[in-house]
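A quick write-up on the structure given underneath.
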Amino acid sequence: MSENEICTKPISEVTSPEAQESTDSSESTVSEATSITCLFTGECPSVSGRSTLTFEIGRHPDQSLHLRIARNTGSGMFCDEWASDEQINAITSGAQALTSRSFNALHPGKSINTGGFVMSALRHLGLIRPSKDNTRYHEHIPDTTFESVVADVLSLTKGQG
């Protein structure tokens with residue numbers, strides 16, 4: 001997707017049939033998706049390193065930032081719904097023992113893979129990092145917010161284009 005393109009297509013229209021089978025997005029609301037403008041599309045490895053994830057960062061008309069997982073090159077199912085900056089910051093702010101389960105709260109009742117995929121994207125963006133004390137956990141990087149890491153990414157991409 002290009003910068004500032006509106007994310008109006010359901011995930012089934014923007015992914016391959018193989019990727020479509022990997023999502024559990026049947027309950028996602030198109031009205032929510034139509035109101036969020038895509039600012040950035042990125043890729044990162046999954047936590048296991050067995051697949052590549054495509055994530056999107058978007059802005060709602062109320063100016064809040066959002067994140068969603070859009071594609072997975074592997075076979076793991078996931079939820080493609082948006083999570084707000086407020087929800088992400090509530091989970092990460094000051095946390096020292098984050099796991100993929102920590103992020104399942106963003107999409108309750110949806111595929112449990114989504115939490116790990118979101119964690120991978122947030123690690124790639126620089127909001128969290130593996131813990132030095134216990135590599136099974138991730139920790140919040142002090143003095144960062146979802147908004148600040150998105151601002152950094154957007155400023156880097158504008159400098160390249």
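The values are calculated or read from the model by the stated rules, or taken from the named source; none is laboratory data. Bear in mind that the values here come from a model prediction, so they are computed numbers and not experimental data. Because the Cβ atoms are built from the backbone with ideal geometry, glycine has one as well, and the counts that use them run over all protein chains shown.
Observations
- In the stretch 112-138, the residues that are touching a residue at least 60 places away in the same chain (Cβ under 8 Å) and at negative phi form Cβ pairs under 8 Å with partners that are surrounded by fewer than 16 Cβ atoms within 10 Å (Cβ to Cβ) and basic (Lys, Arg), at six or more places apart or across chains, as follows: Arg123/Arg129.
- Checked against the criteria, Leu122 counts as of a type outside the set (S, T, N, Q) and either modelled with pLDDT of 95 or more or part of a loop (DSSP other than H, G, I, E, B) (or both).
- Hits in the stretch 126-158 - residues which are touching a strand residue (DSSP E or B) at 6+ places or on another chain (Cβ under 8 Å), of a type outside the set (Ser, Thr, Tyr) and assigned to a helix (DSSP H, G or I): Phe146, Glu147, Val150, Val153, Leu154
- Scanning the stretch 45-58 for residues that are crowded, with 18+ Cβ neighbours inside 10 Å and in a strand (DSSP E or B) yields Leu53, Thr54, Phe55, Glu56, Ile57, Gly58.
- Test: residue in the stretch 106-115 that is part of a helix (DSSP H, G or I), under 13 Å from the mean Cα position of the chain (by Cα) and either aliphatic (A, V, I, L, M) or surrounded by fewer than 21 Cβ atoms within 10 Å (Cβ to Cβ) (or both): yes
- Among the residues of the stretch 70-101, those that are out of contact with any strand residue (DSSP E or B) (no Cβ under 8 Å at 6 or more places or on another chain), surrounded by fewer than 14 Cβ atoms within 10 Å (Cβ to Cβ) and either of a type outside the set (A, V, I, L, M) or more than 27 Å from Thr37 (Cα to Cα) (or both) comprise Ser75, Glu86, Arg101.
- Gly58 meets each of the listed conditions (1) among the small types (Gly, Ala, Ser); (2) at pLDDT 95 or above; (3) closer than 23 Å to Glu139 by Cβ apart from (3).
- Qualifying residue in the stretch 65-72 (condition: in a loop (DSSP other than H, G, I, E, B), closer than 22 Å to Leu156 by Cα and within 12 Å of the chain's Cα centre (by Cα)): no
- Inspection of the stretch 86-108 finds a residue satisfying the criterion of being touching a Leu at 6+ places or on another chain (Cβ under 6 Å) and of a type outside the set (Ser, Thr, Tyr).
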